[in-house]
Amino acid sequence: MKTRIAILCAIALQSFPATAEEKPADRLMELLELFSKEAPAILEDMIEEFAPTMEALRDQIGDLNYYETPEVLPNGDIIIRRKPDAPEPKLIKPTPEKEQIEL
């Protein structure tokens, strides 16, 4: 996936028309066509890469109906309260970390 994105970025960063006959709009259309061909593969790769993280997040959060609407506090913090009638959340045991250094 990173290779595809790098290739698209390299093409996009190329200087606009090398010759006087080529118009910037034509070059932009070429880039858009290339992107439209590559976008599905890039998105598919991103979904594959982020799926395990999203599944873990889903498992920790549970049903979103158990939460209130997000609230912005005066200091800018955003808080999402759990509804009072929501069942107790499942506690997920943290994975043991490697050897910790005591400070």
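Where a number appears in this text, it was derived from the coordinates with a stated rule and is not lab data. Fair warning: this is a prediction, and the values are worked out from it, not measured in the lab.
Quick look at the values:
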item: Whole-number Å³ per residue for the convex hull built on Cα positions in the stretch 21-79; result: 178 Å³
item: Interchain or long-range residues, amide H under 5 Å from Y67's placed H; result: K83
